[in-house]
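Structure, as structure tokens:
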2 protein chains.
Amino acid sequence: MSDTTTKKLALTTYTKLMRAAESATSRTSKVMTAAGLTISQFGVLEALYHKGPLCQRDIAAKILKSTGNITLVIDNLEKSGLVRRERDSEDRRFLTVHLTETGTALIAKVFAEVEAAIVADLATLTAEEQETLGRLCKKLGLKSAA
Amino acid sequence: MSDTTTKKLALTTYTKLMRAAESATSRTSKVMTAAGLTISQFGVLEALYHKGPLCQRDIAAKILKSTGNITLVIDNLEKSGLVRRERDSEDRRFLTVHLTETGTALIAKVFAEVEAAIVADLATLTAEEQETLGRLCKKLGLKSAA
DNA sequence: GGTGATTAGTTTAATATCAAACGATACGAT
DNA sequence: ATCGTATCGTTTGATATTAAACTAATCACC
């Protein structure tokens, strides 16, 4: 295959990958905003929901954002009464973030809706196609991480 | 296949798709920021580079952002001397945005670098795998657009 | 021709986002 | 013990982003 053909194929593949990711994101983010959550807020709540209380540094690492950013997102979640901060008594540098009852109820509901949206979206592909897509995406993702 | 299995497959496929898209984006965005461009600024310059002068509404549609956002991005590009605005003489509501010489030179260089990064990234997959990935992504993207 | 609806772009207010500087706390080595 | 280093979180300044209110210009229709 010529260099030009290789390049063209890579670029169209890249574009299709990006479009697919964007349209999937657009579906799920509609669910989140309908519930009054931003994507970041959802990310934080979802991390706490599945991993339990976390310090802000761990939350930042989990959702791939800066710690400065997390400070603001947690501020807003705290104002809405969805999470609360608790100073670690052993190492006072840490702030452990906990879901409140309201926060737990909300993320449980919204997470289920997001899951349903994803399942509905992916239903376009057969099980075999999904497995193939997943395998190729994983191969691609691993390379880039290196 | 059971509902639970269907759901699990859809969710892991979705996660892998997102991770692949993120890692590909991370590579290309490094090239852009190294050149002093934000992702949006690159998007605007690239649109003008390949489509010629455009009005702000068309730029917004092309890079899927709000017109309010485009106003700011063009403001910053204009300050940097990479684009200039020109009021349309026929319909004075329109502002046509043009690349300057500096802007053209910059986007030509950066776009080539981004392309190279994409080609290098996709080289992880064989041509056949890329075609398969592209086909599946397209199928998925089309559904969501509907 | 004049009025009402539409369209292009700007502004505003809120949240997001990062990098970098900073303050407070903890830890390690001597 | 303490001095230097590392770590956690906040702050700051810049850009991004949207939705919604707004201005200016045009068009459609009577």
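Show the residues, 5+ positions off or on another chain, whose built amide H is closer than 5 Å to the amide H of A:LEU82.
Those qualifying (amide H under 5 Å, at least 5 residues apart or on another chain) number zero.
For peptide A:107-115, how many partner chain Cβ atoms fall within 10 Å of a residue's Cβ, on average?
Per-residue shielding by partner chains comes out at 1.
Compute a Gaussian network model of chain A, connecting alpha carbons closer than 10 Å, and tell me which residue from A:VAL119, A:VAL97, A:VAL44 fluctuates the most.
Checking each option, the largest mean-square fluctuation is seen for A:VAL119.
Once every DSSP H run of n ≥ 4 in the protein assembly as shown is given -39500 (n - 2.57) and the sum is divided by its residues, what mean residue ellipticity at 222 nm do you get, rounded to the nearest 500 deg cm²/dmol?
Result for the protein assembly as shown, helices only: -25000 deg cm²/dmol.
So, with +1 on the Cβ of K and R and -1 on the Cβ of D and E, and no other charges, what is the size of the charge dipole of the protein assembly as shown about its Cα centre, to the nearest 20 debye?
For this selection, approximately 100 debye.
If each label sits 7 angstrom from Cα along the C-beta direction, how far apart, in nm, is B:ASP88 from its counterparts in the other copies?
Those label-point separations list as 5.8 nm.
For the residue pair A:GLU22 and B:THR38, what label-to-label distance in nm results when each label sits 7 Å from Cα along the Cα-to-beta-carbon direction?
My value for the distance between the label points is 1.7 nm.
Evaluate peptide B:23-36: per residue, the Cβ atoms of other protein chains within 10 Å of its Cβ; return the mean as an integer.
Per residue, the number of nearby Cβ atoms from other chains is 2 on average.
What's the buried accessible area, both sides, between B and A using a 1.4 Å probe, rounded to 100 Å²?
That pair of chains buries around 4400 Å² in total.
Ignoring ligands, DNA and RNA, what percent of the accessible area of chain A is carbon or sulfur (1.4 Å)?
The value for chain A is 55 percent carbon and sulfur by accessible area.
Measure nothing fancy, just the Cα-based angle from helix A:127-145's long axis to the longest principal axis of chain A, in degrees from 0 to 90, nearest 10.
Taking the Cα atoms of chain A, the angle to A:127-145 is about 70 degrees.
Which pairs, out of A:LYS30/A:LYS51; A:LYS51/B:LYS30; B:LYS16/B:LYS62; A:LYS16/B:LYS109; A:LYS51/B:LYS138; A:LYS8/B:LYS16, put more than 29 Å between their alpha-carbon atoms?
A:LYS51/B:LYS30; A:LYS51/B:LYS138
What is the average number of partner chain Cβ atoms found within 10 Å of a Cβ in B:2-12?
Other-chain Cβ atoms within 10 Å of each residue's Cβ, averaged: 4.
Calculate the length of the line joining the C-alpha centroid of the stretch B:9-51 to that of the stretch A:2-68, in whole Å.
The stretch B:9-51 and the stretch A:2-68 have Cα centres spaced 12 Å from each other.
Once amide H atoms are built 1.01 Å from N in the peptide plane, which residues 5 or more positions from B:LEU54, or in another chain, come under 5 Å H to H?
Here B:VAL97 satisfy the definition.
Quick one: among B:PHE94, B:PHE42, B:PHE111, which has the greatest mean-square fluctuation in a GNM of chain B with alpha-carbon springs under 10 angstrom?
Of B:PHE94, B:PHE42, B:PHE111, the Gaussian network model singles out B:PHE94 as fluctuating most.
Which whole-Hz couplings ³J(HN,Hα) result when phi for each residue of the stretch A:24-38 is put into the Karplus expression 6.51 cos²θ - 1.76 cosθ + 1.60, θ = phi - 60°, listed in order with x for Gly and Pro?
Here the 3J(HN,Hα) series is 5, 4, 4, 5, 5, 5, 4, 4, 5, 5, 4, 8, x, 10, 7 Hz.
Let a ≥ b ≥ c be the square roots of the eigenvalues of the Cα gyration tensor of the stretch A:8-49; is it rounded (a/c under 1.5), or, if not, prolate (a/b larger than b/c) or oblate?
Verdict is prolate for the stretch A:8-49.
Does the stretch B:58-146 come out rounded, prolate or oblate by the C-alpha gyration tensor, with a ≥ b ≥ c the root eigenvalues, rounded set by a/c under 1.5 and, if not, prolate when a/b is larger than b/c and oblate if not?
oblate
Could you give each residue of the stretch A:78-92 its phi-based ³J(HN,Hα) in whole Hz, using Karplus coefficients 6.51, -1.76, 1.60 with θ = phi - 60°, and x for Gly or Pro?
5, 4, 7, x, 8, 9, 9, 9, 9, 6, 5, 7, 7, 10, 6
Need one word for the protein assembly as shown: rounded, prolate or oblate. Basis is the Cα gyration tensor (sqrt eigenvalues a ≥ b ≥ c); a/c below 1.5 gives rounded, then a/b vs b/c decides.
Oblate is the answer for the protein assembly as shown, as a/c is 1.5 or above yet b/c matches or exceeds a/b.
Ordered by residue, what ³J(HN,Hα) values in Hz, to whole numbers, does the stretch A:47-64 give under the Karplus form 6.51 cos²θ - 1.76 cosθ + 1.60, where θ = phi - 60° and Gly and Pro are x?
With coefficients 6.51, -1.76 and 1.60, one gets 4, 5, 5, 9, 10, x, x, 9, 7, 5, 4, 5, 4, 4, 5, 5, 9, 6 Hz.
The values are calculated or read from the model by the stated rules, or taken from the named source; none is laboratory data. Quick caveat, the model's predicted, so the values are computed rather than measured. Reconstructed Cβ throughout: ideal geometry from the backbone, glycine too, with neighbour counts over all protein chains shown. For the accessible areas, the whole protein counts, side chains as well, though only heavy atoms, and no ligand, DNA or RNA atoms are used. Shrake-Rupley method; radii C 1.70, N 1.55, O 1.52, S 1.80 Å.
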